[in-house]
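Novice: Let me begin by handing over the structure; questions about it come next.
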Amino acid sequence: MDNLKMHTPDKTKVNYEKLAALFPNAVTETIVDGEVVRAIDADVLRQEISETVVEGSEERYQFTWPDKKKSVLLANSPIAATLRPCREESVDFDNTENLYIEGDNLDVLKLLQETYLGKIKMIYIDPPYNTGNDFVYNDDFTENAGEFLTRDYQYDDDGNRMVKNLDRNGRFHTDWLNMVYPRLRLAKDLLRDDGVIFISIDDNEVAQLRKICDEVFGEGNFIAQINWQKKHSPQNDAKYFSDMHDYIVVYAKKSYNDNGWRRNLLPRTSEQNARYNNPDNDPRGVWTSDNLLRKDVQKTGLYKIITPSGRECLPPVGTSWRVPEYRYQELCNDNRIWFGADSNGVPRLKRFLSEVQDGRVPTTWWTREEFGDNQQAVREIRDIFNNSKPFDTPKPVVLIKTIINIATDNHGEDIILDFFSGSATTAHAVMQFNAEDGGKRKFIMVQLPEAIDENSEAAKAGYKNICEIGKERIRRAGKKIKEESPLTTTNLDIGFRVLKLDSSNMKEVYYTPDKYELSLLDKLIDNIKEDRTPEDLLFQVMLDLGVLLSSKIEQRKIGGKTVFSVEENFLIACFENDVGDDTIKEIAKLKPYYAVFRDSSFASDSVAANFEQIFATYSPSTVRRVL
């Protein structure tokens, strides 16, 4: 029973907790009257709501590095970009709820903020490990917010936006931190309140990653640091020690006590179940016996037990029975005490398998025998690609399946995101696990189309970039899963919509007066770029309005014009020209939540003038938008 506080709320504490929840990276420690107390870092807070770099030099406990404030700015800066659908590279585009997105994951994560804010149940990423040869994303810290708004999405001459982060580089840790920090900040916002993130990492950056995650997710939301045994055999040529494991760092969006993430149990092993049998044919099923003694003396446990054979049993000196005598008698009457096959042994407690926790608590030591290793991952990808190895560092499917099992709802429809998707092991694992338990989990893969080394196996097999490998793996893995279990995978979603990051569909219309020419004015009559399709426009509208990119899309004719209906008229969009009153009226009668048209779509000024009145008459609650 709690006591009444008998005073008004401590507003200072409430305000602190609100700020700490919104900006965990601003939580710090300072000295007040000689004592260390928790506080909010005002400089960090100012940076979070500023569009420019804020200077500050006060000493305090903090984790920082060169360009950290610029990386905060990078995470918060807007971009002018969109995702364009690519039907020809997709599988079952019209029906699938899975997504494969090509592009720099920083920009993609920004684009997903409106649509997938608080909707992702689980994130798994396997970012570059920063070993001295791995790539880090070459984000441009010299761009200001305005340049971010206007730049076209571009790759370098080699088809990528990545550079080698050599260990002799004076910014070895800095470049890696600047790469991962803004991406994790954006990723956190996409997680549901009961969401969780798993991050694979090695020794080189695990210390820095933990500090970053403490800032981004909050130190109190740290769940575990799993040691995964990635190798079977040691490297005899190792300089010091042969590394046999990697780490998987786990953070929740919210803590367990704050209605945050709840982990699932792993299935019990056959070895665990083998300890149970039923020598006395108990109708309650198989059981195992447990010690009835405790290693201390409790007065209530000091009593004599008579075995069925008549022998007297007393607890040895320094011990006592685990239960009081009355409770022992209840257990005995319920046939829950075992005296051995000869009815003369030391009494033990029967524990039935049917009453045991249905699963086992995950540990932080994951062996290769149960969770796979690098060799198994290579075998799997060779099996998928007809004995070819187009990707050097895949993860085993069972490893990601285990994470999905622990992290997501049983048989649920959770969304799983991997924004360093590589060879798309995560997509493979989602489909495989759905096939096994009947779930309807959905995946979103994000991958930069990093160019393939022209001397690699992948290049010789005809692949030009990592995205081509990932998409092909999903196609082949999905087909293989269905072929292996045709009866149970009839409704399994093995498709995916391919979306590609590109510059905005809208023309740049901001010019200084001296740049205007008559020909330019003619071009600006239509504010849509000439190479963009109506479906391109639709997906940018879906992004802007927060409509899931996996939503069902139907094309139909209304008043002779092609119209997109998304999620059964939740959104209706028409981007054709010469749209008249009749078409607008028919759309309004469908009472969509959103109705979107192009500014240049209306057949005449009178149609444009009638537009609002038509909707006011037939569907006043519809939210109307014009491109």
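Novice: Please report the relative contact order for the stretch 270-355, taking Cα pairs under 8 Å with a sequence separation of at least 6, and give it as a percent rounded to a whole number. List each step's numbers first, then the result.
Specialist: Values: 130 pairs, mean separation 30.7, N = 86.
Averaging sequence separation for qualifying contacts and normalising by length gives 36 percent for the stretch 270-355.
Novice: So who's got an amide H within less than 5 Å of the one on Tyr303, skipping anything under 5 residues away but keeping other chains? H placed 1.01 Å off N, in plane.
Specialist: Trp321
Novice: Computed on alpha carbon atoms, what radius of gyration and Dmax characterise the stretch 515-626, expressed in Å?
Specialist: Over the stretch 515-626's Cα set, Rg and Dmax evaluate to 14.5, 45 Å.
Novice: Now for a different question. How much length is gained if the chain between Glu219 and Lys589 is pulled fully straight, taking 0.36 nm per residue apart and subtracting their Cα-Cα distance, in nm to one decimal? Show your work: numbers first, answer last.
Specialist: On the way: separation 370, 0.36 × 370 = 133.20 nm, distance 5.24 nm.
Roughly 128.0 nm would be gained on extension.
Novice: For a label point 7 angstrom out from the Cα of Asn95 toward its Cβ, which stretches of the stretch 462-477 have the backbone nitrogen within less than 19 Å?
Specialist: Within reach of a label on Asn95: 474-477.
Novice: Right, something else. Please report Rg (one decimal) and Dmax (integer) in Å for the Cα set of the stretch 168-256.
Specialist: 15.1, 46
Novice: Given a Förster distance of 51 angstrom, what is the FRET efficiency for Lys460 paired with Leu314, based on the Cβ-Cβ distance and rounded to 0.05?
Specialist: Numbers: r = 78 Å, r/R0 = 1.53.
Result of the calculation: an efficiency of 0.05.
Novice: What angle, in degrees between 0 and 90 and rounded to the nearest 10, separates the Cα long axis of helix 172-190 from the longest principal axis of the Cα atoms of the chain?
Specialist: Roughly 90 degrees, rounded to the nearest 10.
Novice: With labels modelled as points extended 7 Å from the Cα through the Cβ direction, what inter-label distance (nm, one decimal) is found for Asn569 paired with Gln555?
Specialist: Once both label points are built, they end up 2.2 nm from each other.
Novice: Another one. Taking every pair of distinct Cα atoms and averaging 1/r, then inverting, what Kirkwood hydrodynamic radius in Å comes out for the stretch 270-355?
Specialist: Details: mean 1/r = 0.0732 Å⁻¹.
Across the stretch 270-355, the inverse of the average 1/r is 13.7 Å.
Novice: Can you give me the distance in nm between label points at Gln272 and Lys389, each placed 7 Å from the Cα along the Cα-to-Cβ direction?
Specialist: 3.4
Novice: What list of ³J(HN,Hα) couplings, whole Hz, do you get for the stretch 295-303 from phi and the Karplus terms 6.51, -1.76, 1.60, once you set θ to phi - 60° and write x for glycine and proline?
Specialist: Running phi through 6.51 cos²θ - 1.76 cosθ + 1.60 with θ = phi - 60° gives 8, 7, 9, 10, 4, 5, x, 9, 8 Hz.
Novice: Return the subset of Lys253/Lys440; Lys552/Lys591; Lys231/Lys440 for which the Cα-Cα distance in this structure is over 26 Å, preserving the input order.
Specialist: On the way: Lys253/Lys440 23 Å; Lys552/Lys591 18 Å; Lys231/Lys440 32 Å.
Flagged as over cut-off: Lys231/Lys440.
Novice: Relative to the longest principal axis of the C-alpha atoms of the chain, give the angle of the C-alpha long axis of helix 534-545, reported between 0 and 90° and rounded to the nearest 10°.
Specialist: 60
Novice: Once R0 is set to 35 Å, what does the formula 1/(1 + (r/R0)^6) return for the Cβ-Cβ distance between Asn281 and Thr367, expressed as a FRET efficiency to the nearest 0.05? Could you put the intermediate results ahead of the total?
Specialist: Working: r = 36 Å, r/R0 = 1.04.
Efficiency, from the Cβ-Cβ distance: 0.45.
Novice: Given a Förster distance of 30 Å, report the FRET efficiency between Leu331 and Arg262 from their Cβ-Cβ distance, rounded to the nearest 0.05. The partial results should precede the final answer.
Specialist: Values: r = 32 Å, r/R0 = 1.07.
Efficiency, from the Cβ-Cβ distance: 0.40.
Novice: While we're on this one: Using Cα pairs under 8 angstrom and six or more residues apart, how large is the relative contact order of the chain, in percent? Provide the component values of the computation, followed by the final result.
Specialist: Numbers: 1100 pairs, mean separation 103.9, N = 627.
Once normalised by length, the contact order is 17 percent.
Novice: Show me, for the stretch 214-229, the HN-Hα J-couplings you get by feeding each phi into the Karplus relation (A = 6.51, B = -1.76, C = 1.60, θ = phi - 60°), rounded to Hz, glycine and proline as x.
Specialist: Once θ is set to phi - 60°, the couplings for the stretch 214-229 become 4, 6, 6, 9, x, 4, x, 9, 5, 9, 6, 10, 7, 9, 10, 6 Hz.
Novice: Only Cα pairs under 8 Å and at least 6 apart count here; give the relative contact order of the stretch 253-407 as a rounded whole percent.
Specialist: 25
Novice: Over the Cα atoms, compute the radius of gyration (one decimal) and Dmax (the largest Cα-Cα distance, rounded to a whole number) for the chain, in Å.
Specialist: Reported Rg and Dmax, both Å: 30.6, 112.
Novice: Next question. Each label point is 7 Å from the Cα along the Cα-to-Cβ direction; what then is the distance between the points at Ala616 and Asp453, in nm?
Specialist: For the pair Ala616/Asp453, the computed spacing is 6.7 nm.
Each value in this text was obtained by applying a stated rule to the coordinates, not by laboratory testing. Not measured: the values here are computed from a predicted model. Glycine also receives a Cβ, built like all others from the backbone with ideal geometry; neighbour counts cover every protein chain displayed.
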